[in-house]
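Everything below concerns the one structure shown next.
Rule-based calculations on the coordinates, nothing more; no lab input. Computed from a prediction, not measured in an experiment: that's the story for all the values here. Note that each Cβ is placed from the backbone with ideal geometry, even for glycine, and that neighbours are counted across all protein chains shown.
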């Protein structure tokens, strides 16, 4: 009896370990598939990879996969980490169409700062787990107290994972600062953020949910759903801080 119980515990722990190992390696790819992203190879868009290489060098650039997300909503998604086994940047069609080279440089610099940490991997895993909780929280009963309670419960559970990843507005401000330094001019990022925020009004990223929102540079739910300001600080405040950084540098 004791041997059987011990074997069961070992099997359960091994299964959990394998499950999280799978998520660690493939969670980013799973999220990108949810958004119907298609990989952009360097042969098809050498100019885009040239910007990335300029920011991080050819060796690091070779370890990053870039994807195109078929949405006119201008935004960028980052999955994985450079220290892990998978690193990817997803650029929406709207972003690629509307941003110039300098603005793309600022956006890619932000994505690289994200990838240098482990937030991208943690965020992708959190999105998968939070999405699973949301799925398990669905109810066949429509309306009434039960469905309201279940919606609240799954939103709280999803937020638990998301906040554990994102931390606070200070983290985002620090990423902006580092990205501005990496791209050599904070104004690149200011201009990109301005265009991205305006684009959210005209085009919605319909696949985005509370679970996947932290993977994006700018809140994809900005005009659809109220989100925690600690997770997504106001774009105006981000721009103001970057403008102060630009003034300090003499731009």
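Just a few scattered comments:
- The alpha-carbon atoms of region 26-82 define a convex hull whose volume equals 94 cubic angstrom per residue.
- Order of 35, 114, 251 under a 10 Å beta carbon neighbour criterion, fewest first: 251, 35, 114
- Cβ crowding within 10 Å, taken as a proxy for footprinting-reagent exposure, orders 203, 86 from fewest neighbours to most as 203, 86.
- Label-to-label distance, residue 247 versus residue 174, with points set 7 angstrom from Cα along the beta-carbon direction: 2.5 nm.
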